[in-house]
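The values are calculated or read from the model by the stated rules, or taken from the named source; none is laboratory data. On a predicted model such as this, the values are computed, not experimentally measured, just so you know. Cβ sites come from the backbone with ideal geometry, for glycine too, and all protein chains shown count toward neighbours.
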Amino acid sequence: MITNNHGDYGAIDHQNNSTSTNGNILSNLFSRRKYTKMKNADEEMSQISIIEPSMKTEEITMSWSNITVEVIQKEKSRLSFWSKTDSSTSRHILVNEVSGIVRPGEVLAIMGTSAAGKTTLLNALSGYSDRRELNVTGSVMLNGCVTTNDERRSSNIIGYVEQQELFCETLTVEEHLLFQAMLRMSSKILTDNDRRKCVLDTIKLLCMERCVSTTIAKLSGGERKRLAFAAVALTDPSIMLIDEPTSNLDSYLAKSLMHTIHMFAVERRRSIVVVLHQPTTDMFKFIDTLCVLSDNGRQAFFGDARHEAINFFTDQCGLEGESLDEFIEQVSSNSTVGQQVADRFSTNFKSSLISSIESINDKSMKDSTFVTVSFWRQLKWLLWYSSVSGVHLSVRSTKLPFCLLIMSIIFGLAYFQLDPSETHYVRNLNSVSFIIGVSLIVSSMGVIAISLLNERILLIRDIQRKIYSIQAYYIAKFISDSIFIIIISVLYSIIIVLLVNMKELGLMTLVVSLETLAACAVASLMASSSSSILIILLILHPLNIILNQFSGVYISLQSIPDYFIWLQYLSYYYYGYTSMLILQWRNVTTAQEPCEKATNSTFSTSPAICYRSGTAILNEHGIQQHNLNFNLLMLVTLILGYHIVSFIILFIRIRRISK
Ligand SMILES: Nc1ncnc2c1ncn2[C@@H]1O[C@H](COP(=O)(O)OP(=O)(O)OP(=O)(O)O)[C@@H](O)[C@H]1O
């Protein structure tokens, strides 16, 4: 029986010391907890105690020496109105030669004033610094081995909980954790049911039962924090870097979460680094080592968070006070004090810290790269993810279908039960054949493009973490979007075709679906190539108008200039509209229309009404009846072609950003 160091959190009862395979590490971690009834509310807060001591897992010491992060800014200044612009670069140091160590079983807290560089340091340790803007120097070692940014990012050793964690806002808490568990839990022998159980246990551990079915967009700031922690905890990394876990939490939940974090370190022999912004005295119970940053990212202290820190601040620096939070406040609030303390640390302690970092030379670390799951598993769970998030996205699941329903009813009633004996039958049937595709395309393209663009930032983050591949993401997105588009296209065209009394229902729905799929492939291409919704909106409308011009409705197909003929062949409107005309007119022997449209192929029985055959109507548009199969084939080619180009652009852009 091991008792908790922190007294007020009850006992830790180790009843079962059997080791287990890596596969069920997490299930053991959670399933062997004892939920003991506590007598008072304070004890209740931490009623989850870890019973099982650590299984055989990799213990890793993380150390870093002389980490310096600087931002290089180009400054342009105009000396006088007439003179040329003078551009120069300026360097601004955000983190200044900071060193440290965190060992298995320890919680290291990085503290300091706001904008001292805590998050910047954590980014540098995790390997996620923005290399386009920041210059990072110094070394980060795992068990004494120097690592590159890419190695740290792509290994499953480090779990990073960012300050502003990104989520797919339409998923529920349980769905988010399930997706993470299915793709990020590294063991290959865990079954899906084991993973589901881990998710439920994690939810309990972090007291999130109440919001298990709440969509992430509706979570409070504190719940989002706990969810971010839970997602990383599920993957059971050897090192956890957690940025401000307690911000937005009340003191009760903050203590509870810090207790859980400390338990992870002690029980699982994890090395944990937390950034704490406003530590209270209570928080220091859960911290073993302290790293204090003063203004401009200078290191003001590194060492034991209890006696060593107090001795340093009182005896060495002459600060007045009793508790660590008081000393840290003085270092943070007064930059002169901060600089003095940093100077003192640098002269008296820095060299011994560097020597203890250099003495770590445990080369036993295994070559641990991220255990990526198979492509098919990625595809399966990405399909699940796309469908679930799509269903929860009301614009897609309810608003767009509702809008289309209203439009289909309006068009259906406007052209209600067209009668071949009407004088304006030809004109009306041609018009509805055109409008059926246009209305659906214009409505769907925006939704597809914007939802893809909104997912981009999450995609980059997940690709950097190597949770899945861009290929799996794109194929899953393509399949789920296509199913969605086919469903809405079929329903939309069925309503209009039946209300208007058009011919060839089956083939009409096929043509409308293919035309919309091709248009949405262009929407994907636009989302892949642009970086803002405004650009998409700016391009979407003019592009549609241009492609529409070459559909055969406006400009006569025979009179398109040679140098623009390629636009006709790229236009989904052209293939869609001409195919619909073929379907409506191919077997019609005579259709009547007003005589003012009379052509050579028209014959008349009265001065006002003329008759033409369906073939003559098609010829007038420059359409060959036998072109239907070619058109359908071209629509399929456009769908695949636009998607391939879209994928290549997305692939190149994401690889460039996430390198
Ligand atoms: N890419 C960047 N370009 C320019 N300045 C940056 C960049 N990233 C961070 N900074 C600046 O570096 C400083 C430190 O930022 P950082 O986020 O690390 O502070 P922090 O200590 O975590 O603060 P807080 O506790 O308020 O979150 C800030 O002044 C910030 O504006």
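Selection over segment 582-603 of residues that are at pLDDT 85 or above and touching a Phe, Trp or Tyr at 6+ places or on another chain (Cβ under 9 Å) gives a count of 0.
Screening residue 296 with (1) surrounded by fewer than 19 Cβ atoms within 10 Å (Cβ to Cβ); (2) in contact with a Cys (Cβ under 7 Å, 6 or more places away or on another chain) gives one miss only, at (2). hydroxyl-bearing (Ser, Thr, Tyr), buried (at least 18 other Cβ atoms within 10 Å of the Cβ) and within 14 Å of the ligand (Cβ to nearest atom): does that describe residue 89? So residue 89 does not fit the description; no. Residue count for segment 274-298 satisfying the condition of being within 16 Å of the ligand (Cβ to nearest atom), in contact (Cβ under 8 Å) with a residue 60 or more places away in the chain and not small (Gly, Ala, Ser): 13.
Answer yes if at least one residue in segment 263-270 is within 15 Å of the ligand (Cβ to nearest atom) and within 31 Å of the chain's Cα centre (by Cα), and no otherwise. So far as segment 263-270 goes, no, none of its residues is within 15 Å of the ligand (Cβ to nearest atom) and within 31 Å of the chain's Cα centre (by Cα).
When segment 330-347 is filtered for residues that are surrounded by fewer than 18 Cβ atoms within 10 Å (Cβ to Cβ) and either assigned to a loop (DSSP other than H, G, I, E, B) or at pLDDT below 85 (or both), the ones remaining, listed by number, are 333, 334, 335.
Criterion first (in contact with a strand residue (DSSP E or B) (Cβ under 8 Å, 6 or more places away or on another chain) and assigned to a helix (DSSP H, G or I)) does residue 355 satisfy it? Against the criterion (in contact with a strand residue (DSSP E or B) (Cβ under 8 Å, 6 or more places away or on another chain) and assigned to a helix (DSSP H, G or I)), residue 355 does not qualify.
Can you tell me which condition residue 123 does not meet? The list is (1) of a type in the set (S, T, N, Q); (2) at pLDDT 90 or above; (3) surrounded by fewer than 18 Cβ atoms within 10 Å (Cβ to Cβ), and all the others hold. It fails just one condition, (3). Could you pull out every one of the helices (runs of 4 or more DSSP H) wholly within segment 470-558 that has 2 or more residues that are touching a Pro at 6+ places or on another chain (Cβ under 9 Å) and either acidic (Asp, Glu) or surrounded by fewer than 22 Cβ atoms within 10 Å (Cβ to Cβ) (or both)? Per the criteria, 470-500.
Cβ-Cβ distances below 8 Å connect the following pairs, each with a first residue in segment 96-120 that is assigned by TED's automatic domain parsing to the domain that holds residue 278, a second residue that is outside any strand (DSSP E or B) and among the basic types (Lys, Arg), and a separation of six or more residues or different chains: 99/350; 104/269; 104/270; 105/269; 105/270; 110/118; 111/118; 112/118. Based on what the data block shows, is residue 242 part of a strand (DSSP E or B), away from the ligand (no atom under 16 Å from the Cβ) and not hydroxyl-bearing (Ser, Thr, Tyr)? No; evaluated as a whole, the condition is false for this residue.
Name the residue that is modelled with the lowest pLDDT, counting only residues in segment 65-86 that are surrounded by 14 or more Cβ atoms within 10 Å (Cβ to Cβ) and within 15 Å of the ligand (Cβ to nearest atom).
As a first pass, look at segment 65-86 and keep what is surrounded by 14 or more Cβ atoms within 10 Å (Cβ to Cβ): 65-71.
In the following step, the residues that additionally are within 15 Å of the ligand (Cβ to nearest atom) were identified as 67-71.
On the way: 67: 94, 68: 94, 69: 94, 70: 93, 71: 89.
Filtering segment 65-86 for residues that are surrounded by 14 or more Cβ atoms within 10 Å (Cβ to Cβ) and within 15 Å of the ligand (Cβ to nearest atom), the one modelled with the lowest pLDDT comes out as 71.
For residue 310, the conditions (1) surrounded by fewer than 21 Cβ atoms within 10 Å (Cβ to Cβ); (2) outside any helix (DSSP H, G or I); (3) modelled with pLDDT of 85 or more are fulfilled apart from (2).
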